[in-house]
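Values quoted throughout were computed directly from the atomic coordinates according to the rules given, and no laboratory measurement underlies them. The structure presented is a predicted model; accordingly, all values stated were derived computationally and were not measured. Glycine also receives a Cβ, built like all others from the backbone with ideal geometry; neighbour counts cover every protein chain displayed.
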Amino acid sequence: MIRKLIITAAFAAVSTISLSAISGPDKIIPQPVDFSVADGIYNLKTDGSDIKVYLSSPAFADKVKDLPDFAKEEAYELTVGKKGVKIYAMTEEGAFRARQALEMMRLIDRDIAYCSIFDYPRFQHRGIMLDESRSFKGKDFILKQIDALALLRMNVMHLHLTDAAGWRLQIDAYPDLTDHVAWRVGETYHEWEGLGYPFTNAQDSKAYGGFYTKDDIREIVAYAAERHIDIIPEIEMPGHSMEVNRAYPEIACVGEDGKPRPFSWDLCVGNDGTFKFLETVLEEVIELFPYKYIHIGGDEAVKKDWEECVNCRKRMEEEGMKHKNELQGYLVRHIEKFLRERGKTVIGWDEIVETGLPEEAVVMSWRGTPGGIKAASEGHDVIMSPNSYVYLDYYQDLIRKEPKAVGHMQSLRHVYKYDPLEGIDPEYHHHILGLQGNLWCELIPYAAHAEYMLYPRAFAIAEIGWTPQEDREFFHFRERCLMLITVFRSMGYNTFDLFNESLRAQTGRLRFDDPTFKLL
Ligand code: ACM
Ligand code: ZN
């Protein structure tokens, strides 16, 4: 009996689906909260004239009255019947999410079953982070991924715009950031590293890189706003900032020999020029990004040069600091206050809670889940993006099958297993704003490769963020992924080949330290 069950499960895992000719709410990702399908098929008109939208009708307002505000704003009701499509929502945003659900049904097949959907998201933050510093993929790539996120009813794109490997945002006050350290020698991150981190300029035939002009950002922000997606800029500090020291060595840490250290990984917290630099940059960032949140990084500061720097040592003495870690807290608190005074809320990687932080700051948990769990219990809002589940630069299938990637295998199945409320005391559930998948690009130099790592795992992030936990079921989700992969490929996305995923990836997580790994 047990053997029979195992064989059945294995067969179910490898069998491919038969693509039904009729689309409907049971085919889409994320799966809606509530839906039903009736007899009858509707063929959507191409000009949209058969779609009627009703905003804030009393009956719909009554239906959503008990939902949290964020869910109310995105909630919608959608019916497809013989007279066409009706959409009810409280806001344009809700109506847009409905249109995207309809669009996904249409992309699967123009013939849509008569149906009705009532739907709203589980979490308010459903995001993807793209690392534009390590590999600059440019505006067209970003716009294309915004389209994908919109279709998946996601609402946040976080751009990692600055890091040692390249500064990617025009800042008028500091032109060397884009004239110089946006251009490196070495097409890939590791080539550049192997060459000793050389920067050059755009005119050099060996230059690799680029940056977003202010006009590019305005276009991206406007394009995203039409799709009800927020763009969160990340200006990294104090770690991962060697490019700033290379462009402006006068603000870098200083060694005992009195010379600046432009190869220092971290910003100098002892130099007042660092604060002037960051505040000036952030003033320009605020003008470009009209959102509540600005991400200030905060992860993995090396802090080595701080020990030796005369300015950092002086700052510690003046401020009565006993440990170099307190320099990080000093900088983060200063910048948090600066941004709060300008109406912005800081987001930072989970390291920022270790050195004292006002409750208003939002924590992005990446070193697994403990940082987020602790931060929520201390009163912070939290976005869960644990590297134990949703790091999209990690392998998605067996190492021998895949381009070089990071860490252990985070297959579609493994990502889908994640519940952002895992380990969070119910008392603090309200602090969990949602989740985010992060695509670091040290090993991902090209746009097509980035899409390969994103899809279909971003489908899982979308469904985790939207669909009630008790309604999620992996094999049904995987079948819908196979359909959506076909759709995405037809739209020109270079997805992972889920049809040829190994059985091992479909059925479980595999760590490098798993003794059976060598056998695969
Ligand atoms: C991170 O992955 N260093 C935030
Ligand atoms: Zn210093």
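For the chain, what's the relative contact order in percent, using C-alpha pairs closer than 8 Å and at least 6 residues apart?
14 percent.
By how many degrees, between 0 and 90 and to the nearest 10, does the Cα long axis of helix 138-151 differ from the longest principal axis of the chain?
Between helix and principal axis, roughly 40 degrees.
Relative contact order of segment 113-246: what whole-number percent is it, with Cα pairs under 8 angstrom and at least 6 residues apart?
Answer for segment 113-246 is 30 percent.
Only counting other Cβ atoms within 10 Å, I'd like Val156, Val285, Val221 sorted with the fewest neighbours first.
Val221, Val285, Val156
Can you work out the base-10 log of I(q)/I(0) for the chain at q = 0.06, 0.09 1/Å, using the Debye formula on its C-alpha atoms alone?
Values, matching the q order: -0.30, -0.68.
Debye calculation, C-alpha points only, no solvent: report log10 I(q)/I(0) for segment 394-440 at q = 0.13, 0.15, 0.28 Å⁻¹, in the same order as the q values.
The Cα Debye sum returns log10 ratios of -0.43, -0.53, -1.05.
Cα-Cα pairs above 25 Å in segment 202-358: how many percent?
That fraction is 35 percent.
Round to the nearest 0.05 the FRET efficiency obtained for Ala61 and Ser377 when R0 = 51 Å and r is the Cβ-Cβ distance.
The computed FRET efficiency comes out at 0.90.
I need the peptides 384-390, 45-51 ranked by packing, meaning the mean over residues of other C-beta atoms within 10 angstrom, with the highest value on top.
Ranked by mean Cβ neighbours within 10 Å, highest first: 384-390, 45-51.
Could you sort 260-269, 190-199 so that the peptide with the highest average Cβ count within 10 Å comes first and the rest follow in order?
Highest to lowest by the protection proxy: 260-269, 190-199.
Taking N as the number of residues in segment 332-452, what value does Rg over Cα atoms divided by 2.2 N^0.38 Å take?
Computed over Cα atoms of segment 332-452, the ratio equals 1.19.
For Asp172 and Glu187, calculate 0.36 nm times their separation in residues minus their Cα-Cα distance, and state this gained length in nm to one decimal.
Length difference between fully extended and current span is 2.8 nm.
Just to confirm the filter: which trypsin sites (Lys or Arg not before Pro) across segment 327-397 are DSSP coil and have at most 14 other Cβ within 10 angstrom of their Cβ?
Arg342
Hey, could you get me the Stokes-Einstein D for segment 388-479, Kirkwood radius over alpha-carbon pairs, 25 °C and 0.890 mPa s, rounded to whole µm² s⁻¹?
Rounded, D is 174 µm²/s.
With a Cα-only, solvent-free Debye model of segment 46-145, what are the log10 I(q)/I(0) values at q = 0.14, 0.15, 0.17, 0.23 Å⁻¹?
Each listed q maps to, in turn, -0.64, -0.71, -0.83, -1.15.
Can you list the cysteines of the chain that have no other Cys Cβ under 4.7 Å away?
Cys115, Cys441, Cys481 - these cysteines have no disulfide-compatible partner (Cβ-Cβ under 4.7 Å) in the chain.
Can you give the FRET efficiency to the nearest 0.05 for Thr213 and Glu308, using r as the Cβ-Cβ distance and R₀ = 41 Å?
For R0 = 41 Å, the calculated efficiency reads 0.60.
Tell me which GluC sites (Glu not before Pro) from segment 252-314 have a DSSP coil assignment and no more than 13 other beta carbons within 10 Å of their own.
Sparse-neighbourhood loop GluC sites (Glu not before Pro): Glu256.
Taking the Cβ of His158 as the centre, find all other residues whose Cβ is under 11 Å away and add up their charges (Lys, Arg: +1; Asp, Glu: -1).
Result for the neighbourhood of His158: -4.
Across 10 Å bins from 0, what is the distribution of all Cα-Cα pair distances for segment 28-105, in whole percents?
Once binned at 10 Å, the Cα pair distances of segment 28-105 give 17, 52, 27, 3.
Would you report the distance distribution of C-alpha pairs in segment 73-229 as whole percents per 10 angstrom bin, up to the bin with the largest distance?
It works out to 10, 31, 24, 17, 12, 6, 0, in whole percents.
So if each residue of separation counts as 0.36 nm, and I subtract the Cα-Cα distance between Arg367 and Ala202, what length gain in nm does that give?
So the chain would gain 55.8 nm between Arg367 and Ala202.
Find out how many positive minus negative residues lie around Val382, taking Lys and Arg as positive, Asp and Glu as negative, among other residues whose Cβ is under 12 Å from that of Val382.
-3
So what's the angle, to the nearest 10 degrees on a 0 to 90 scale, between helix 92-108 and the longest Cα principal axis of the chain?
Taking Cα atoms only, the helix is inclined about 60 degrees.
Roughly speaking, what is the stretch gain from Asp147 to Thr46, that is 0.36 nm per residue apart minus the C-alpha to C-alpha distance, in nm to one decimal?
Extending this stretch completely gives an extra 34.5 nm.
Okay, helix-only estimate at 222 nm for the chain: each DSSP H run of n ≥ 4 adds -39500 (n - 2.57), divide by all residues, round to 500 deg cm²/dmol; what do you get?
My calculation for the chain gives -10500 deg cm²/dmol from helical runs alone.
Of Lys65/Lys374; Lys27/Lys86; Lys292/Lys374; Lys374/Lys417; Lys276/Lys314, which sit over 25 Å apart, Cα to Cα?
Lys65/Lys374
Mind jotting down the three principal axis lengths of segment 366-520 based on Cα atoms? Whole angstrom, largest first.
Result, largest extent first: 43, 35, 29 Å.
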